[in-house]
Amino acid sequence: MNQSPPSNPGFDPHDPNQSTQLRPTWQGPEYAQGGAPSYPSYPAAQGFATPGPQGTPPFPPSPGAPKKPRPGWLIPALIGGGAVLLVIVLIAGVAVVKSIGGGGGAGSPGGTVKAYFAALQAGDAAKALSYGKEAPASTELLTDEILRKQRDLAPIKDLTIVSESAGFAGTVHLTVTIGEVAYDEELTLEKVGDDWKLATAAVQLKPYSSYESDKKNVTVLGKPLPASGVVYVFPGALDLGSANKNLAPQKSKYTSSDDKGQASVRGLSRFSVGTTFSIAFGLSDAAKASARQQISAKYAACAASKDRFPADCPQSDYSGENGTYTWTAPNVEDIDLGDAVRDGQVRFTDNRPWTFTATARDGRPLTGSDAGYVSGTITVTADAVAVAVR
């Protein structure tokens with residue numbers, strides 16, 4: 001019987017000098033140049049899955065180059081990088097919150113204004129001053145005691161930030177009521193480091209008067225003016241008064257450059273040049289009483305005369321016999337003692353009639369009156385009130 005030719009011609013299985021050569025029955029997938037070399041693999045036994053890398057499902061890989069496992073050092077690096085990124089995001093978030101004034105501090109123009117007025121209402125002078133860029137030249141009237149006096153006289157209420165902007169300079173449009181005075185103002189602020197500051201936290205006041213003696217009599221919040229004639233106060237009530245007990249401020253005649261009658265909120269802006277104000281003085285109640293007493297004594301002396309034309313007196317009549325007159329002076333309490341005291345003096349007039357009884361030349365009784373004209377000057381010093389009439 002013919003034997004089939006050997007599957008491997010030229011191979012003698014009985015020849016020990018020949019090595020066994022087996023021709024592979026399958027061909028592995030081709031790899032791209034530079035990829036993993038091709039090695040033959042043999043099918044696994046039926047019923048068992050080919051073990052794959054730890055942690056991967058037992059499925060055959062998709063066609064293509066096999067993925068290299070990540071190095072062990074890469075996972076901690078990725079975790080660390082994520083943590084750094086998270087920190088950066090958090091820092092950026094904090095910076096954004098601060099830039100828009102989160103928390104109501106000085107990180108935004110509006111936050112500074114709110115904090116400033118809160119300090120004023122709390123009576124905390126040092127805190128209020130901390131929101132100003134420039135320190136005032138004097139802090140004599142910028143104390144907790146004075147600030148609380150202002151607050152009690154004119155409480156701060158209804159503060160509203162209408163709008164704000166934060167560019168090269170900050171701008172805040174606000175409305176606020178101090179006492180009975182309503183403000184609608186726009187303030188400019190400046191950036192100092194990370195905070196926004198008012199140009200100044202105090203309002204500069206300059207009293208105006210035509211006479212230096214009147215200016216020296218002015219007191220603000222119970223304190224006399226300094227030698228410079230300039231004072232610095234927080235916005236609000238001024239409680240203007242007089243250092244002279246014989247003079248009283250006429251609040252109805254108080255005028256200021258902003259027509260508010262207070263230390264104005266507008267004075268906090270860097271464009272403010274200070275607030276000027278003028279104050280008029282009238283006679284105090286004590287000075288009026290002293291003046292009326294002196295006028296009454298002069299009138300009484302004139303009324304005591306029996307002459308028809310008493311010397312240095314305002315009344316006269318020529319219809320009766322001299323020496324027979326009985327004069328009655330007008331009521332001193334009804335005299336208008338004038339308006340404002342200027343340079344220590346106030347003038348008054350009185351043209352009310354003086355009545356009389358007398359004896360006519362023919363012996364008949366006479367009655368009548370004379371419109372006596374009185375012009376007087378009241379001079380006021382810190383210690384005295386003097387009246388001169390003619």
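What follows is calculated from the coordinates using simple rules that are stated; it is not laboratory data. Note that the structure is predicted; figures quoted are calculated from it, not measured. When we count neighbours, we look across all protein chains shown, and the Cβ atoms used for this are built from the backbone with ideal geometry, even at glycine.
Using a simple charge model, +1 on the beta-carbon of Lys and Arg, -1 on the beta-carbon of Asp and Glu, nothing else, what dipole does segment 100-281 show about its Cα centre, in debye to the nearest 20?
Dipole of segment 100-281, to the nearest 20 debye: 420 debye.
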Tell me which GluC sites (Glu not before Pro) from segment 154-217 have a DSSP coil assignment and no more than 11 other beta carbons within 10 Å of their own. Glu180
Kirkwood-Stokes translational diffusion coefficient of segment 286-389, alpha-carbon pairs, 25 °C, 0.890 mPa s, µm²/s: 168 µm²/s
Greater than 30 Å separation of Cα atoms is the criterion. Which listed pairs, Lys133/Lys251; Lys127/Lys206; Lys245/Lys306; Lys251/Lys298, meet it? Lys133/Lys251; Lys245/Lys306; Lys251/Lys298
Counting other C-beta atoms within 10 Å, and keeping those with at most 12, which DSSP coil chymotrypsin sites (Phe, Trp or Tyr not before Pro) do you find in segment 104-188? Phe168
In segment 190-233, taking the dipole from +1 charges on Lys and Arg beta carbons and -1 charges on Asp and Glu beta carbons about the Cα centre, the listed residue (Pro226, Trp196, Tyr211) farthest towards the positive end is Tyr211
Between Ser138 and Ala304, what is 0.36 nm times their sequence separation minus the Cα-Cα distance? Round to one decimal in nm. 53.9 nm
Using only the alpha-carbon atoms of segment 100-281, report the extent along each of the three principal axes, biggest first, to the nearest angstrom. 55, 29, 26
Interchain or sequence-distant (5+) residues whose placed amide H lies within less than 5 Å of the amide H of Leu141 are Tyr232
Mean separation of Cα contacts under 8 Å (at least 6 apart) over the residue count of segment 100-281, i.e. the relative contact order in percent, is 21 percent
